Every structure is written in C-alpha cells, then in structure tokens.
C-alpha cells in the first residue's frame with residue numbers, strides 16, 4: 001500500500017504536467033516572456049537611475065510598479081492579484097516605495 005501511495009505522489013506532478021495542451025504551453029511561454037521583458041525594462045531603468053539592488057526581484061519591485069499603466073494600478077486596488085505566497089495584499093496596507101518620494 002505504501003509503495004502504491006509513493007508511486008502516485010511521485011507520478012502526480014508528471015501526470016499533471018502532461019495535461020497541458022499546446023495552447024496552454026504557448027500561453028505560459030508568452031506570459032513568461034512578457035514577465036522577463038518587464039523585469040528587463042525595470043533593470044535598465046534601475047541601472048540608469050543608479051539603483052541599489054538592480055538584479056533581484058525584490059530590488060526591482062519598485063521599478064516594475066513605476067512602469068505599470070494607470071489602468072493596471074487601479075485594477076490592483078479594486079481586485080488585487082494574489083502574491084506568490086498565495087495571499088492577497090490588502091488595499092489599505094499603506095506601504096510606500098522609496099521611488100515615490102513619500
């Protein structure tokens with residue numbers, strides 16, 4: 001019984017990965033390329049402005065936020081996207097970034 005459960009746990013992620021269609025893979029690739037382009041622009045902007053941490057995701061976060069459109073910022077306040085940790089940031093968190101000057 002334990003061997004069967006172990007086999008299911010090991011094979012589970014592989015089976016789920018094989019469930020993706022070509023269209024799903026294409027969409028994931030496009031999303032990844034778009035995300036990489038956003039971080040490349042943010043890195044360039046950070047280096048131009050002599051930022052402190054221009055190579056980690058956390059260091060580029062403020063530059064990514066500055067590069068976003070007004071529409072995207074408004075949508076985040078109305079319906080925030082979950083963070084990678086699975087939590088949704090509250091709209092009234094009151095956090096400011098150093099680039100905003102507040």
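The values are calculated or read from the model by the stated rules, or taken from the named source; none is laboratory data. Note that this is a predicted model, so its numbers are computed, not measured. In this analysis, Cβ positions are derived from the backbone assuming ideal geometry, glycine residues included, and neighbour counts consider all displayed protein chains.
Structure above, values below:
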read-out	value
Condition met for residue 49 (modelled with pLDDT under 90 and closer than 11 Å to residue 63 by Cβ)	yes
Counted residues, the range 16-68 - those being at positive phi and part of a helix (DSSP H, G or I)	0
